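The values are calculated or read from the model by the stated rules, or taken from the named source; none is laboratory data. Just so it is clear, the model here is predicted, and its values are computed rather than measured. Ideal geometry is used to build each Cβ from the backbone, glycine not excepted, and the neighbour counts take in all protein chains shown. These area figures cover heavy atoms from the full protein model, side chains too; ligands, DNA and RNA do not enter into them. Shrake-Rupley method; radii C 1.70, N 1.55, O 1.52, S 1.80 Å.
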Amino acid sequence: MRAIIHSIFRFLPVQLLLLHFRKYQLLLVFWFILFTTITGNFAAAFGASSLFLAPEYLGEINFFSMLLLGGATAVFIMAWHITTFIIHSTRIPFLGATRHAFIKYCINNSILPLAFLIFYSIIAIRFQWQNEYAKGIEVLRFQLGFYLGFLLIIIISFAYFFRVDRDLLKVVLSRITNPARIREIIPYDSLDYDIDIVRAETFITGRLRIGKCSELEPYAPRLMQTVLRKHHRNAITATIFALFVLLLSGIFMEDPRLRVPAGSGFLILFSIIMGIVGAVKYFLRSWEMLGWICITLLLSLLVKYKIFDFRSIAYGMDYKTQADKRPDYNYDYLSKIFTRRRYDEDKQKEIARLDAWKQKNMKDGKQPPLVIVTLSGGGSRAAYWGFRSLQYIDSATHGKLFKNTVLITGASGGMLGGAYWRELHNLYNQGNIKNPYLPTYQDNIGKDLLNAIIYSFASVDLISPFNKISVSGYSYTKDRGYAMEQELISNTNGMLDKKLEDYRSREASADVPMMIVNATIVNDGRRLMMAGQPVAYLTQPALGVQDSSYTPIDAVDFAAFFQNQNPYNLRLTTALRMNATFPYILPVVKLPSKPEMNIMDAGLRDNFGIETAVRYLSVMRDWLQQNTRDVILLQIRDTREHEIFPATDMNTMGKMMADPVFVIQTKWESFQSYYHGYLKDYAEQNFKGKLHVVNMQYIPQFSEKTAALNFHLTAREKSDLAHSINHPQNKAATDSIIRVINGE
C-alpha cells in the first residue's frame, strides 16, 4: 500500500495538480469561478449558470451554440495549459528531453480540465432537461455539439504545436515573442532563483502510456532550457494570435452570425486575463507585486488623462459642442434653469395634454378613468413580466388600458417592456400592424440581450477608442452599451429604433401615453428624467416652488438641461439603456456637462417608479380631481411588495463581517418598498377615495426557483413568468382594474 501511494504521489499529473495549489493559487481562481458558476453558487441571482448550461446562438439553444461553447471551453483550457507551462516548465526540465514537450505537458496537466468537463456534462444535461424542457435526443445532440467544438479547437491547437518549427507566424514573431529578450529587461533578483524541481517518477507519454522519467536522456541543463524557451515562444505566439483574432472579430460583431454565446465570451475573456496574469508572473517573478502596482498606476494615468475612458456615451447627443456651451452641473445653474416660471409653464403644457386626452376618452359626457403605470427594474425578468402584465390587462379590458394610460414610468428592465408595449399599440393605432396581442411579441421581449453585451465586453470594448461608428448624424465609439441597444432593436424587429423626437407630437396630442425614462446621476444622486415632453414640474417638491428660500431641486429634466446638445435626437434605446445600466454589466454613461454627468441604473434611486408617479399625482391633483372619474396607479413589480425575508443573525464570523457591508445591497428593494408605502398613503389622502393602487406582482411557482435577475431568460423562467399572471393575487388585481375602468 505504501508503494502504491508513493507511486501515485510521484505521478507527474498528481505532482502538477499539487504544484498549482502550492505555488500559484491565483490561477485557480478561474477554475473556482467556473465550478461555482455552473453549480449556481456564484452570481446565482443574475442567472450566470444559464449562460454556460444553456448557451444561445442567434436566439436559440441548438447544436451550433453548444459547438461554439465547446470551442470556447477548449480555448480556455489551452490558455490554462499555455500559461501554466510557461510558469512551471523550469520545474520539469526533463520534459525538454522529449519530442513535443508542450503536448506531453498538456496531457499530464489535464486532471482539472477533465474533472471540469465531466462535472459540466452532468450539470448541463440535468439543467437542459429540467429548465429548458429539452427532449432526450436534443440533450444528446447538444452534448455532441459541445464536444465536437471542443475537439475541433484541441486538434487545431495541437496541429499548430506539432508543426510549429515550420510555422511562418512563429518565424515572423520570433523576435518579439522571445521570452529571453524580455527577461533581459527585468533586474536580476536572487529570489528568482528557483530549485523547486518537480520530483516525478512517472508520466503519461504521447501515446497515453505510463513512462518513467528516469528513462529520458540526460541532456545538459542549458540545452533543456533552450528547448523549453522555444516552446515558451511558440505558446506566447499562439496567445497573441488568439487575442488578435478576438479583437478582429469584435470589429464585425454587428453581424449576429459572428457573435458567440455569452458563456463563450466569458471563457474567452478569462483566457485573455489568465494569459496576462501568467505573463506578469513569469516575466516579473519576485517583482510581481511591484509590477501590478505599476500596471495599476499606468492604467489610472491613462484613464485620468482620457487616453482610455471606460465610460459609454449617449447616442444621438451632440458631444462636439464647445466647452463654453456645455451646461454647468452645479446647484446655481440648476436653480437658474428650473425656475418657478419654467415650473408653471411646463405644468400648463401637461394640463393641455391632459385636456386633449380627456376629450378623446369622454363618452356621453362622463369623465374617463385615468391610468398611471409604473414598472419595476429587474433585467429581462422585469421586461418580460411587465410586458406580459400590460398585454394581458389591455386585452382583458378590450384595449381600454392603453387608451386610458397617460403616463408610463419606472426603472431598468421593466421600462424595456413598457416601451415595447407602447410602440406596439402606437403602430396598431396607426394601422401598421393588425394585431398587437400576437404571442410572437411576448417572445421578442424575452429574447437574449446578454450574449451581445458579454461578447462586446470581451472584444469590442478593448478596442473601442479606435472603433468609430455613425449614429443619428454624429460619430461615436462602439462598446457593449451600443451592442445591447442594437440587440434590443433587432429583437423587437426594429420597432424601438426611435428617438425621443419621434414621440413628441403624438404624446402632446395624447395619441400615446407619455413615457418618463429615469436614470440616476451618480455625481450626487439626483434623478435624470428623459421624456418627449417638458417635465420641469417634477424636478422639485411643491414646497420648493412655494418658498423661494428653499429650493431642493432633486431631479433634472434632461431636455431642458441639455438644450444645446440636441437632446430630442437621443435614441430611445439609449435612454432605456441608461435607465438599465446595471453596474459592470453595462458601462456608466457620461453626458456632456461641466463636470460630466455620470449616469447609472434608475433603480439606485427608485427601482419601482413610485417617486415619479406620486409626485406627478401631487402636482396634477387639482386637475385629476376635477376631470377624472377614477385614478388608477398600476404598479407592476417583478418581486412581491411585502415579501417577508428570513431574519438574519450575526451568528458566524463571516456574517459579522459581511452583513454590515452588504445589507444595503441585499435589502435595497425592501427599504424602497417600505418607504413607498408611506408615499402611497399620502397620495391617497389627496383624492378622497378616487385613487386606486393596484399591484401586479411576479410570484414564482416555487420561491427557490425564481427567475434570475439578468438579461437572459431560460425556457423554464419564461414559462414561470407567463403563468404568474394566473396567480390568485394577480387575477384579483386584474379584476379590480376591469371593474374600475368599466365604472362598475
Study note, to complete from the structure: Long-range share for the range 1-78, i.e. C-alpha pairs more than 16 Å apart as a percent of all pairs, stands at 67 percent
Revision key, fill the gap. To the nearest 0.05, the calculated FRET efficiency linking PHE9 and ILE122 through their beta-carbon distance, R0 being 30 Å, is 0.60
Review point. Across the Cα atoms of the range 474-532, what radius of gyration and what greatest pairwise Cα-Cα distance (Dmax) are found, in Å?
Key: 14.3, 37
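Net charge near GLN25: determine it from the other residues with C-beta under 14 Å of the C-beta of GLN25, scoring Lys and Arg +1 and Asp and Glu -1. Spell out each step's value before the answer.
Values: positive: ARG22, LYS23, LYS281; negative: GLU288.
Overall, the nearby charge balance is +2.
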Study note, to complete from the structure: Amide H contacts under 5 Å for THR405, restricted to residues at least 5 apart in sequence or on another chain and with H modeled in the peptide plane, are VAL371
Revision key, fill the gap. Phi angles of the range 529-540, converted by Karplus (6.51 cos²θ - 1.76 cosθ + 1.60, θ = phi - 60°) into ³J(HN,Hα) in whole Hz with x for Gly and Pro, give 10, 10, 8, x, 10, x, 10, 4, 5, 10, 8, 7
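Over the range 379-433, what percent of the accessible surface lies on carbon and sulfur atoms, probe 1.4 Å?
Working: 490 of 1230 Å².
C and S atoms contribute 40 percent here.
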Point to revise | Residues of type lysines that LYS478 reaches as a straight line, Cα spacing below 21 Å, ignoring anything fewer than 8 places off in the same chain | key: LYS304, LYS306, LYS320, LYS468, LYS498, LYS499, LYS590
Check your understanding: When all alpha-carbon pairs of the range 355-506 are counted, what percent fall beyond 25 Å?
Key -> 38 percent
**Study point:** Hits among lysines - C-alpha to C-alpha of LYS360 under 18 Å, sequence gap 8 or more where chains match
**Key:** LYS349, LYS400, LYS403
